[in-house]
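In what follows, a structure is listed as structure tokens, so that the remarks can point back to it.
Quick note: the coordinates plus some simple rules give every number you see, no bench work behind them. Predicted model, so just to flag it, every value in this text is computed and none were measured. Neighbour counts are summed over all protein chains in view; Cβ atoms, including those assigned to glycine, are modelled from backbone coordinates with ideal geometry.
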Amino acid sequence: MKMKFKAIASIAVVALSTLMLGSCTADADSSGLEYMPDMYRSPAIEPYVDYGEIRGRENTEAKMKISSLVPPSGTVPYYGKDSSTVALMLPYFRKASIAFRETHGMYGADLTVTDEYTAAASDMNPLKITAENSEELLKSGKTLYTAYCQHCHGEKGDGNGPMVLSGAYVGVPNYTERAAKSDGQLFYSIYYGLNAMGGHSSQLNKKEIWTLVHYVRKFQNASYGTFGASGEAIAAPVAVDSLSVKK
């Protein structure tokens, strides 16, 4: 019996020693073996570190190098080979007014003294709505509107969003009762911001903003985006307020 106990004890000592020695390492960046590390060590990784893991191959020299850098000015992401999509996603050709430097904190941006907001009145929505894509386009528009606009502009576009009802903001327009801005001015307003509203160009790409322009049109005309059996648009073009063009 004593022999069995000694054998078990010896095995236990060897196993414990192996476990302890195995937790030691010469790599200063390694913590060795840990017991339930998720209990006391954050599982989150550093978002700006490239760990050099590419298809199972590890590049130890690249592990501590910062990889999430701002792209050079003027570069354009790859959007595929479809010419219409590429044209749609090219950088916005209109610049923000010099006043945006103070009103919207756009210090260091490429601004202009030209009234580009008024000039944008002639810009048409390049993302055409058709009988084939209407349902999907407006569905995407609703998703974007709910995430980025509804809290101020309201679920129905009447300017009675939760932030307005709470008293945090005032002056949010009611798009169900007033004539619309042009497509181009709606885009400009969302992209750069207008009055108290900040710009959304860092959150939404151009296709998403033009999609929102389509969705806003539904607030002014419930029939917008509906088509007849032969594919003709049922809704008449939304009237543009000449006063809103100048503001």
Roughly how many Å is it from the Cα centre of segment 169-220 to that of segment 117-144, as a whole number?
11 Å
Contour minus end-to-end for THR176 and SER10, with contour as 0.36 nm per residue of separation and end-to-end as the Cα-Cα distance?
51.5 nm
What order, most packed first, do the peptides 6-17, 108-119 have when packing is the mean number of other Cβ atoms within 10 Å of each residue?
108-119, 6-17
With r as the distance between the Cβ atoms of THR146 and SER223 and R0 = 30 Å, compute the FRET efficiency 1/(1 + (r/R0)^6) and round to 0.05.
0.90
Taking R0 as 30 Å, what FRET efficiency do you get between GLU232 and SER122 from their Cβ-Cβ distance, rounded to the nearest 0.05?
0.75
Segment 209-218 - phi-based ³J(HN,Hα) in whole Hz, Karplus 6.51/-1.76/1.60, Gly and Pro as x:
5, 5, 5, 4, 4, 4, 5, 4, 4, 5
